[in-house]
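Encoded as structure tokens, the structure appears first; notes follow it.
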Amino acid sequence: MGLSTRHLLGIKDLNRNDIELIFNTADTFKDVINRPIKKVPSLRDVTIANIFFENSTRTRLSFELAERRLSADTLNFAASSSSVSKGETLIDTVNNILAMKVDMVVMRHPYAGAGVFLSKHVKAQIVNAGDGAHEHPTQALLDAFSIREKLGDVEGKKIVIVGDILHSRVALSNILCLKQLGAEVMVCGPTTLIPKYIGSLGVKVEHDLRKALNWCDVANMLRIQLERQDIKYFPSLREYTMLYGLDKQILDSLDKEILVMHPGPINRGVEITSDVADSKQSLILDQVENGVAVRMAVLYLLAGQSGA
Amino acid sequence: MQNLTLLDGPKFQITIQRLCRQLIENHNDFSNAILIGIQPRGIYLARRVADELRKILNKPILQGDLDITFYRDDFRRREGPLVPNQTKIDFIIEGKNVVLMDDVLWTGRTIRAAMDAMLAFGRPGKVELLTLVDRRYSRHIPVTADYTGIEVDSIASQKVVVSWKETDGEDKIVLLSEEL
């Protein structure tokens, strides 16, 4: 009994059994991290390198904490302060790190497919911590895990993902993960930020935020990724906020009480206002807590494979 | 597979009761002692013993379940990772006398892991081991039980399986051997 894949490159590679195995394992780890002694010795002979070619706070800290809670040795590497800026290639950089006897690599990279590429050229197990606008599998897993924890199950639940779907790796991974678990998924945002063929993933599309919120059980609000936007996709941030920003007034005017999620970092006052982010309907800090447990589960299940 | 029943029926119950009396001999009214069953199969033994002790002493008995999956010494040395079970210890172990319980004591490795896992819940006073079946002469680690139900001489290819009335329908200890 184990995962069907040797690396975690995307939700695309996981089947429903894999996801459920990760969740059941994460339940136990959530219990572990709430004990006075939050550490278990499972990965004491495993070394993990966290290689970040792109900025990150939550994901990097969450992975690092997960690794330490499992007693793994960790190496941290930020591309901005490394020889990458002197022209070293990705494979060379990683092979040099692996020469120091590293077993697993957690990597974030600005280019889609960087993890897949690396997994074909190096021996170590790869965990994708976000590759461009492609996938961010652990974020999707922790989002679905948080929904399961709050609502009991993901199957049959209605989830709307609001905002910059076009540039979001969180959106793609979330759609794949939620669909795999039997949820209904809708995306909502301005036409320019919704990919043309998104319907082929089996999701509904809605451009009216109020209609979308009235339909859903959970709203996942995404950040506008200005750093990935090469052209203007909407007239102004202010207009975007007026049409797609979630504030307390809209939330309170809905027929039912929905849950609000956000993968972070939040731009308070843009996609979500402070009173919503800090309200009791918000799962944002649960998501962060669950992130450590889910990442512990992923690392534990991958590292435990024979011949790993 | 050939099955040899080692213990069942009223004798099984007598053995459990004898173990309870031995525990009372050492722990009096259990005011400073707690029972911890090791997942997955030791928890049934711990629950049964706790129930019997409650009947005999007419007092609350603290009993918890301990999962040792993350503390095993064979991680990355077997086919795949083991799926963990639940740990449920709703009390403080610090300074208490702990009786660890498992249905079968074989190599002793589970007990080593359990002692490691238990420390995450505090520093116990005295720790003892109770086992229903002791497979003698097969230890990999210097571990001995303080209380033993029955002793069995077996070889590595054989298996000892304990069934419980609550989950399997009957109380029974069976020795399974591969047919030659």
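The values are calculated or read from the model by the stated rules, or taken from the named source; none is laboratory data. Bear in mind that the values here come from a model prediction, so they are computed numbers and not experimental data. So basically every Cβ, Gly included, is an ideal-geometry build from the backbone, and we count neighbours across all protein chains shown. These accessible areas exclude ligands, DNA and RNA; they are computed on the full protein's heavy atoms, side chains included. Shrake-Rupley method; radii C 1.70, N 1.55, O 1.52, S 1.80 Å.
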Along the dipole axis of region A:137-284 (charges at Cβ: +1 for Lys and Arg, -1 for Asp and Glu; origin at the Cα centre), the most positive-end residue among A:145, A:241, A:172 is A:172
Measure of exposure for residue B:177: accessible area at 1.4 Å probe, Å² rounded to 10, is 20 Å²
May I ask you to derive the FRET efficiency for residue B:4 and residue A:15 from their Cβ-Cβ distance with R0 = 51 Å, giving the value to the nearest 0.05? 0.75
Quick calc, residue A:123 & residue A:274: beta-carbon distance into FRET formula, R0 51 Å, rounding 0.05, result 0.65
Please give me the summed charge of the neighbours of residue B:143: other residues whose Cβ is under 9 Å from its Cβ, Lys and Arg +1, Asp and Glu -1. +3
Can you list the residues of region A:273-308 that have at least 10 square angstrom less accessible area with all protein chains present than in their chain by itself, probe 1.4 Å? A:300, A:301, A:303, A:304, A:305, A:306, A:308
For the protein assembly as shown, which whole percent of the accessible surface, found with a 1.4 angstrom probe, sits on carbon and sulfur atoms? 50 percent
Expected integer from the mean partner chain Cβ neighbour count at 10 Å over B:74-86 is 6
Highest to lowest packing among A:245-257, B:116-128, A:282-294, scored as the average C-beta count within 10 Å: A:282-294, B:116-128, A:245-257
Mind checking the mean number of beta-carbon atoms from other chains within 10 Å of the Cβ atoms in A:33-40? 3
Round to the nearest 0.05 the FRET efficiency obtained for residue A:211 and residue A:58 when R0 = 51 Å and r is the Cβ-Cβ distance. 0.95
Area of residue B:56 that stays accessible when all protein chains are in place (1.4 Å probe, Å², to 10): 60 Å²
The relative contact order of chain A, taking Cα pairs under 8 Å that sit 6 or more residues apart, comes to a percentage of 20 percent
With each label point set 7 Å from Cα along the Cα-Cβ vector, what nm distance links residue B:174 and residue B:161? 0.5 nm
Given the DSSP H assignment, sum -39500 (n - 2.57) over each helix run of at least 4 residues in the protein assembly as shown and divide by its residue total; what's the result at 222 nm in deg cm²/dmol, nearest 500? -10500 deg cm²/dmol
For chain A, the Cα convex hull volume per residue in Å³ comes to 134 Å³
Cut-off 10 Å between beta-carbons: net charge of the residues surrounding residue B:98, Lys and Arg +1, Asp and Glu -1: +1
Please identify which residues in region A:180-199 have an amide N closer than 15 Å to a label point set 7 Å out from the Cα of residue A:256, following the Cα→Cβ vector. A:183-186
Shielding score for B:63-69, defined as the mean number of other chain Cβ atoms within 10 Å: 1
Calculate, for chain A, the solvent-accessible area per residue in square angstrom, rolling a 1.4 angstrom probe over the heavy atoms of the protein chains. 42 Å²
So what is the relative contact order for region B:9-154, in percent, with contacts set as C-alpha pairs under 8 Å and at least six apart? 23 percent
Tally of Lys pairs whose C-alpha atoms are under 19 Å apart, taken over region B:9-154, 8 or more apart or cross-chain: 4
Per residue convex hull volume, Cα only, region A:137-284, in Å³ is 100 Å³
At a 1.4 Å probe radius, which order do B:164, B:106, A:215 fall into by accessible area, largest first? B:106, A:215, B:164
Taking 7 Å along the Cα-to-C-beta vector as the label spot, tell me the residue A:197-residue B:26 distance in nanometres, rounded to one decimal. 6.9 nm
Rounded to the nearest Å, what's the spacing between the alpha carbon centres of region A:271-308 and region B:109-140? Just the number, please. 34 Å
With a sphere of radius 11 Å drawn around the Cβ of residue B:32, what net charge do the other residues whose Cβ falls strictly inside it have (Lys, Arg +1; Asp, Glu -1)? +1
Enumerate the calculated ³J(HN,Hα) couplings along region B:66-83 in order (Karplus 6.51 cos²θ - 1.76 cosθ + 1.60, θ = phi - 60°), each rounded to whole Hz, writing x wherever the residue is Gly or Pro. 10, 9, 10, 3, 6, 10, 5, 9, 10, 4, 6, 10, 10, 3, x, x, 7, 7
Between residue A:38 and residue A:78, what length in nm is gained on full extension when 0.36 nm per residue of separation is reduced by their alpha carbon distance? 11.7 nm
